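Data first, discussion second: the structure below is written as structure tokens.
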Amino acid sequence: MLAVGGLNPRFAAPAGFPTLDRVAIALSSGENPRLICDAYFAITPNTVQFGARASLYAKGAGFTVTGDLGFDALVTIVPPHFIVDFHALVQLKYKSRNLFKVALDGTLEGPLPLRIAAKAKFKILWFSFTVRFAFTLADGSASRSIAAISLETELEKALTDPANWSTRRAPGVVHGVALRSLPANAGLVLDPLGQLVVQQQVVPLNTHRDIDTYGGAPIAGRRRFTAAASLNGKAGTPVTGAFAPARYFTMSDDEKLAAPSFEEMDAGFVVGDTDATFDENAVAASGLNYEPITVNPSSAAETAGIAASFAALPATQLYTMPLAAFQAQRSSGAAARAPVRHVGRARFRNTAVTPAATLSAPRWRIIRASDGAPAPLDPGVNSWSDCRAALADLNRGGVRWLMVPAHELEAL
């Protein structure tokens, strides 16, 4: 997802997505008159979003003129659909009394059927009235022209796209050497201690239900996909990505309201061993040896005597810091007192105590309504979409099972 200046108000942003201020420019200096324009642009895997707004303010001789004009467009690629919300407002006031006001709010939706609906409100002094209208500019159905999509073909394209392949350092593995930077055209290079990552956003993998649709388009061919790989005999682990359930599964209006806007599902895999081993014969022990130094000696004679005594001191008699002393002093060393450890969230870090609250990914469970017994499901059925499909199968003969968040059961 790429967003500059924000998202369309109709689009449900994924959890954790930051709130962005619109890109704005002032076309006048000062507060009176004031003319400001702002805009935004965003791209997601299946939408293009953009919008703009211009606002005017001027005041003089007790009169005030305000104006506002803007639109918000949301274009869906598959199935082809767009919706544009527009508004306009002009108002003239004398001091605090309204003299004239016109406000227009409307929506244009298409491509087929192409409809427009709007509401215009007029207010002159104390008299006001509203005019509403709605027209169908073109009949038809855009879905009739949508061809069936082969997800298998689209997935093959995504997996062969070099942009979906990357490398990373294995978590918790100390490298021990410094690596030089590679030129931009060097291609993909895998560190012997690193991991290879393959991640795509075309279709969720390893689902426990069939994929019903692809953004409103029918599916041709396979409807379930699994991906697995190994490196040097070590099996890979899944990598997740954010997918919109309504884009892949048929849902009722109630289910669309209840479903998360985006859900973490398997999007690929990572291969590479996280356990690094070193040859014991190649490991050289290095002790923490220190030379004792006396600071601010009392006399020059004492200084000369100390220097002579240290010159005659064998290296084996230098002070070696014990491990316990090193661990006790590391919290007051230069690295521990660096400014970066005391800004942002680091100010509240305290590894010596148990966290008062923890965050975890949402999980769901299916239980029997009568006694709360768990449903006999595959352990891999954890996502909202998979649980919803399993719940529908279990309740074919009547509502006997319920789907609840897993944290509610853990709290009992």
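The values are calculated or read from the model by the stated rules, or taken from the named source; none is laboratory data. Only a predicted model underlies this, so the values are computations on that prediction, with no experimental measurement involved. Reconstructed Cβ throughout: ideal geometry from the backbone, glycine too, with neighbour counts over all protein chains shown.
Computed values, structure above
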read-out	value
Condition met for L151 (at pLDDT 90 or above and of a type outside the set (S, T, Y))	yes
Restricting segment 195-209 to residues that are of a type outside the set (S, T, Y) and in a loop (DSSP other than H, G, I, E, B), the residue that is farthest from V239 (Cα to Cα)	R209
Pick from segment 357-374, criterion β-branched (V, I, T) and surrounded by 11 or more Cβ atoms within 10 Å (Cβ to Cβ), ranking: farthest from the chain's Cα centre (by Cα)	I367
Every residue from segment 165-207 that is without any contact (Cβ under 8 Å) to a residue 24 or more places away in the chain and either within 25 Å of R247 (Cα to Cα) or of a type in the set (V, I, T) (or both)	V177, V189
Residue in segment 338-347 that is within 32 Å of the chain's Cα centre (by Cα), among the small types (G, A, S), outside any strand (DSSP E or B) and on the phi > 0 side of the Ramachandran plot present	yes
Residue pairs meeting the criteria (Cβ under 6 Å; at least 6 apart or on separate chains; first farther than 30 Å from A148 by Cβ, in segment 75-98; second β-branched (V, I, T) and not in a loop (DSSP other than H, G, I, E, B))	D85/T107; V90/V102; Q91/T66; L92/V65; K93/T64
Check on F133, within 30 Å of G67 (Cβ to Cβ), exposed (fewer than 11 other Cβ atoms within 10 Å of the Cβ) and at pLDDT 90 or above	yes
Condition met for D105 (exposed (fewer than 15 other Cβ atoms within 10 Å of the Cβ), farther than 20 Å from A73 by Cα and either acidic (D, E) or touching a residue at least 40 places away in the same chain (Cβ under 8 Å) (or both))	no
D191, sole failed condition from (1) in contact with a helix residue (DSSP H, G or I) (Cβ under 7 Å, 6 or more places away or on another chain); (2) part of a loop (DSSP other than H, G, I, E, B); (3) farther than 23 Å from L391 by Cβ	(1)
Residues that are at negative phi and polar (S, T, N, Q), drawn from segment 228-268	S230, T237, T240, T250, S252, S261
Checklist (1) on the phi > 0 side of the Ramachandran plot; (2) of a type in the set (G, A, S); (3) surrounded by fewer than 14 Cβ atoms within 10 Å (Cβ to Cβ) applied to A148, failing item	(1)
Inter-residue pairs, beta-carbon under 6 Å, first assigned by TED's automatic domain parsing to the domain that holds G216 and in segment 148-164, second of a type in the set (G, A, S) and assigned to a helix (DSSP H, G or I), 6+ apart	N164/A158
Flag for A13 being hydrophobic (A, V, I, L, M, F, W, C), touching a residue at least 60 places away in the same chain (Cβ under 8 Å) and in the same structural domain as I116 (by TED's automatic domain parsing)	yes
Subset tally (residues that are modelled with pLDDT of 90 or more and over 19 Å from P171 (Cα atoms)) for segment 228-241	0
Filter result (surrounded by 10 or more Cβ atoms within 10 Å (Cβ to Cβ) and either part of a loop (DSSP other than H, G, I, E, B) or modelled with pLDDT of 90 or more (or both)) within segment 161-173	D161, N164, W165, S166, A170, V173
Contacts under 6 angstrom Cβ, first residue in segment 208-221 being closer than 19 Å to D386 by Cα, partner of a type in the set (D, E), 6 or more apart	H208/D386; R209/D386
Boolean, P183 is part of a strand (DSSP E or B), farther than 30 Å from D279 by Cβ and not assigned by TED's automatic domain parsing to the domain that holds V75	no
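For every residue, the table says whether it meets (1) within 21 Å of D161 (Cα to Cα); (2) in the same structural domain as E264 (by TED's automatic domain parsing); (3) in contact with a strand residue (DSSP E or B) (Cβ under 8 Å, 6 or more places away or on another chain); (4) not polar (S, T, N, Q).
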{"residue": "V203", "(1), (2), (3), (4)": "yes, yes, yes, yes"}
{"residue": "R209", "(1), (2), (3), (4)": "no, yes, no, yes"}
{"residue": "D212", "(1), (2), (3), (4)": "no, yes, yes, yes"}
{"residue": "A217", "(1), (2), (3), (4)": "no, yes, yes, yes"}
{"residue": "A229", "(1), (2), (3), (4)": "yes, yes, yes, yes"}
{"residue": "G236", "(1), (2), (3), (4)": "yes, yes, yes, yes"}
{"residue": "F243", "(1), (2), (3), (4)": "yes, yes, yes, yes"}
{"residue": "M251", "(1), (2), (3), (4)": "no, yes, no, yes"}
